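Enquirer: Quick one: the structure is below, questions incoming.
The values are calculated or read from the model by the stated rules, or taken from the named source; none is laboratory data. If you're wondering where the values come from, they're calculated on a predicted model, not measured in any experiment. Using ideal geometry, Cβ is built from the backbone for each residue, glycine included, and neighbour counts are taken over all protein chains shown. Please note that ligands, DNA and RNA were not included when accessible areas were found on the heavy atoms of the full protein model with its side chains. Shrake-Rupley method; radii C 1.70, N 1.55, O 1.52, S 1.80 Å.
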Amino acid sequence: MSAPEVKAPQPGRCSWPAVASVQGIEGYLGEILGDALLATEVHVREATAIVGRERLAWVMETLRADPVLRMEQLIDICGVDYPDRAERFEVVYQLLSMRANLRLRVKVTTDARTPVPSLTALWPVAGWYERETWDCYGVLFDGNPDLRRILTDYGFEGHPFRKDFPLPGHVELRYSEEHKRVVYEPVKLAQDFRSFDFLSPWEGTDYVLPGDEKAGELAKEHKRA
């Protein structure tokens with residue numbers, strides 16, 4: 001197996017944090033990951049590996065132990081929702097090699113019922129990130145010892161980052177002077193003022209404002225004259 005060439009970034013050549021790039025990283029990932037690798041993408045010198053959900057833990061352990069890539073650090077875990085897909089959720093992992101100054105993005109797909117293998121045994125910090133992803137998207141993680149909500153409140157209904165989650169939510173909270181505490185109530189939307197017609201200086205309005213009918217009458221008189 002031929003080792004790829006890791007190119008160190010040139011300082012001062014870009015305004016964003018510079019990271020190393022790997023020449024031929026797509027082929028190298030295919031060699032070390034085998035059939036667990038489904039696809040690769042390279043954009044703005046950053047590589048993305050799309051892998052099988054069932055092999056995720058083995059893939060991450062391989063990337064971490066590889067002597068060339070050395071992806072020792074888990075930076076973040078987040079979710080993406082594509083409601084039109086059969087497996088609507090993408091779980092995205094951001095890896096960083098401190099020794100090579102190299103970043104790698106790993107993706108897996110799942111649905112609302114199929115769990116994703118937890119990485120808490122490999123990176124304990126993954127527990128917090130997996131809790132955030134479950135809280136916001138409803139993605140389950142098999143093996144997480146403490147899969148509870150972490151951003152939303154106790155008793156929160158649904159997962160707010162899903163595309164089909166209503167923008168106003170299901171419940172609202174306020175301080176009640178009567179009960180002397182914070183109370184939760186179903187969301188009530190007033191329907192009386194939902195049709196707004198903002199006066200745009202560029203587009204104008206489709207109706208005649210009071211007083212504008214006089215301008216039309218004056219224009220007709222000028223035409224007759």
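Enquirer: With a cap of 13 neighbouring Cβ atoms within 10 Å, and only residues DSSP puts in a loop, list the chymotrypsin sites (Phe, Trp or Tyr not before Pro) found in region 108-170.
Expert: Those that pass, being in a loop and sparsely packed, are Tyr154.
Enquirer: Going by accessible area, probe 1.4 Å, with all protein chains left in place, what is the ranking of His170, His159, largest first?
Expert: Sorted by accessible area, descending: His170, His159.
Enquirer: If you count only protein heavy atoms with a 1.4 Å probe, what accessible area per residue comes out for region 56-128, rounded to a whole Å²?
Expert: It amounts to 46 Å² per residue over region 56-128.
Enquirer: Could you tell me what percent of the accessible area of region 18-125 is made up of carbon and sulfur, with a 1.4 Å probe and every protein chain present?
Expert: Values: 2550 of 5090 Å².
Carbon with sulfur: 50 percent of the solvent-accessible area.
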